[in-house]
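Remarks on the structure that follows.
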Amino acid sequence: MIIAPSAQKQIDSYLNDLSAHLHAAPADDRREFIEEIRSHILDAASNDGSLAVATVSAVVAELGPAPVLADNYLKNIGMHPAVPVFREPRHGLASRGQRVRRTVHAFLALIVTCAIAGVSVVCVISKIFHPHRAGLWKFGSDEFSLHLGLTDFVPPPVSQELLGWYLVPLGLLIGIMALVAANQIVRRWLRALRLNQHTTCALSS
């Protein structure tokens, strides 16, 4: 990810201000919350792998002033800020429509990655038990077909299986990568959910 120096400076300034107002919280909780905020800013402000000042400013504006965010967090974990701060009304990290869109996108991405992992596992198992039916087949000069070995497929005489037993490690690698991606999607969604709870629970109480 490419981060403009001015954008990085803005992120660091906001997080330092937030940390200064969280001194009443336990050190481990404070570090965890700061990292959650940092990850949220990087994820939400990312635009095609780069961060600019404008997108960072928009995300920081949604989070609200650092003293207010720190106050909400401290109240949410049952602590009181050392210095009272003025609470500005706002509507969470993002509008309800944005949260719904992010949840739908995360759900669809999770379905795709789980499907890829499932197909990869089926390919590996089928290649082990049906090596002559499972594989990536080439018919003629420009026609390719992936068969999982689940049907009574009989390769025509002019066909060629391209991967052979390399399909097993390749399928395992793709499956592992898909599971890692699914895990990251779930972690990001849970992190955003916890962050939203931290920052809005106090406002609704």
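Structure notes:
- Cut-off under 5 Å, modelled amide H: who pairs with L146 long-range: W137
- Ordered by the count of other Cβ atoms within 10 Å of each Cβ, fewest first, E35, E143, E62 give E143, E35, E62.
- With the simple spin-label model, which puts each label point 7 Å out from Cα in the Cβ direction, the R191 to H105 separation comes to 1.5 nm.
- Neighbour-count order for S141, S46, S120, fewest beta carbons within 10 angstrom listed first: S141, S46, S120
- A simple spin-label model places the labels of Q8 and V154 6.4 nm from each other, with each point 7 Å out along Cα-to-Cβ.
- Neighbour counts of other Cβ atoms within 10 Å put Y166, Y73 in the fewest-to-most order Y166, Y73.
None of the figures in this text is laboratory data; all of them are computed from the coordinates on show. Model, not experiment: these values are computed from the prediction. Cβ sites come from the backbone with ideal geometry, for glycine too, and all protein chains shown count toward neighbours.
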